[in-house]
Amino acid sequence: MNYDDKNIFAKILRGEIPTKTVYEDEYALAFPDINPQAPVHILVIPKGRYVSAADFGATASPEEITGFYRAVSHVAKQLGVEDSGYRIICNIGPDSQQMVPHFHVHILGGHKMGHVLAPSD
Ligand code: 5GP
């Protein structure tokens, strides 16, 4: 899948859509999810043009990968959920219902969550 420069997170990175910046460095930008699913729900995105976690893992430079995941850990600590625990999720492709085709990690926390691997009823 080719990267679409018109996706909503590309527009946020270019400053065309306003958001509240939680954290930013040369590798990553973090901002609140517009439709939070937990008391803490922050999205962390790389600055580079990557469609998904699969694309990022396969094609980003080691510096970008390290910088991005360091930013995710930093944001979780900054949000105060490092000790209480949190969940990181990234949806990849249609079966996961990935909605925005720019790689992003969801950081979810601030309350007790059900076990993600529990079988559905
Ligand atoms: P996905 O399903 O692709 O993993 O998640 C995309 C996430 O982006 C969703 O949780 C959705 O609420 C969030 N989102 C969609 N549009 C916007 C937006 O314009 N601003 C922000 N802050 N979040 C958005």
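Can you tell me which residue is farthest from the chain's Cα centre (by Cα) among those in region 103-115 that are part of a loop (DSSP other than H, G, I, E, B) and within 16 Å of the ligand (Cβ to nearest atom)? Before the answer, list the steps.
Filtering region 103-115 for residues part of a loop (DSSP other than H, G, I, E, B) gives 103-104, 110-115.
Subsequent filtering for residues that are within 16 Å of the ligand (Cβ to nearest atom) retains 103-104, 110, 113.
Values: Phe103: 7, His104: 3, Gly110: 17, Met113: 18 Å.
Per the criteria, the residue is Met113.
Any idea how many residues of region 25-69 are outside any loop (DSSP other than H, G, I, E, B), charged (D, E, K, R) and surrounded by 13 or more Cβ atoms within 10 Å (Cβ to Cβ)?
As a first pass, look at region 25-69 and keep what is outside any loop (DSSP other than H, G, I, E, B): 28-32, 40-46, 53-59, 62-69.
Going one step further and asking which of them are charged (D, E, K, R), we end up with 55, 63-64.
If we keep only those that are surrounded by 13 or more Cβ atoms within 10 Å (Cβ to Cβ) as well, we get 55, 64.
So the answer is 2.
Please work out if Phe68 is within 14 Å of the ligand (Cβ to nearest atom) and either in contact (Cβ under 8 Å) with a residue 40 or more places away in the chain or farther than 20 Å from Met113 by Cβ (or both). Before the answer, list the steps.
Numbers: within 14 Å of the ligand (Cβ to nearest atom): no; either in contact (Cβ under 8 Å) with a residue 40 or more places away in the chain or farther than 20 Å from Met113 by Cβ (or both): yes.
Answer is no for this residue.
Considering only residues that are touching a strand residue (DSSP E or B) at 6+ places or on another chain (Cβ under 8 Å) and either small (Gly, Ala, Ser) or surrounded by fewer than 17 Cβ atoms within 10 Å (Cβ to Cβ) (or both), which ones fall in region 97-115?
Residues of region 97-115 that are touching a strand residue (DSSP E or B) at 6+ places or on another chain (Cβ under 8 Å), as a first pass: 102-110, 113.
Result: Gly109, Gly110, Met113.
Keeping to region 83-102, report how many residues are within 9 Å of the ligand (Cβ to nearest atom), of a type in the set (S, T, N, Q) and not in a helix (DSSP H, G or I).
Number of matching residues: 3.
Out of Asp83, Asp33, Asp4, report the one residue that is in contact (Cβ under 8 Å) with a residue 60 or more places away in the chain and more than 15 Å from the chain's Cα centre (by Cα).
Asp4
Would you call Ala118 more than 27 Å from Tyr3 (Cβ to Cβ), surrounded by fewer than 20 Cβ atoms within 10 Å (Cβ to Cβ) and within 14 Å of the ligand (Cβ to nearest atom)? Step through it out loud before you land on a result.
Working: more than 27 Å from Tyr3 (Cβ to Cβ): yes; surrounded by fewer than 20 Cβ atoms within 10 Å (Cβ to Cβ): yes; within 14 Å of the ligand (Cβ to nearest atom): no.
Judged against the criteria, Ala118 is not a match.
Which ones in region 44-64 are over 22 Å from Asn2 (Cβ atoms) and within 14 Å of the ligand (Cβ to nearest atom)?
Val44
Free of Cβ contacts under 8 Å to residues at least 60 places away in the same chain and either in contact with a Lys or Arg (Cβ under 7 Å, 6 or more places away or on another chain) or more than 22 Å from Thr21 (Cβ to Cβ) (or both): is that true of Ser73 in this structure?
Working: free of Cβ contacts under 8 Å to residues at least 60 places away in the same chain: yes; either in contact with a Lys or Arg (Cβ under 7 Å, 6 or more places away or on another chain) or more than 22 Å from Thr21 (Cβ to Cβ) (or both): no.
Answer is no for this residue.
Coordinate-derived values only; no laboratory data. Keep in mind the model is a prediction, meaning the values are calculated, not measured. Reconstructed Cβ throughout: ideal geometry from the backbone, glycine too, with neighbour counts over all protein chains shown.
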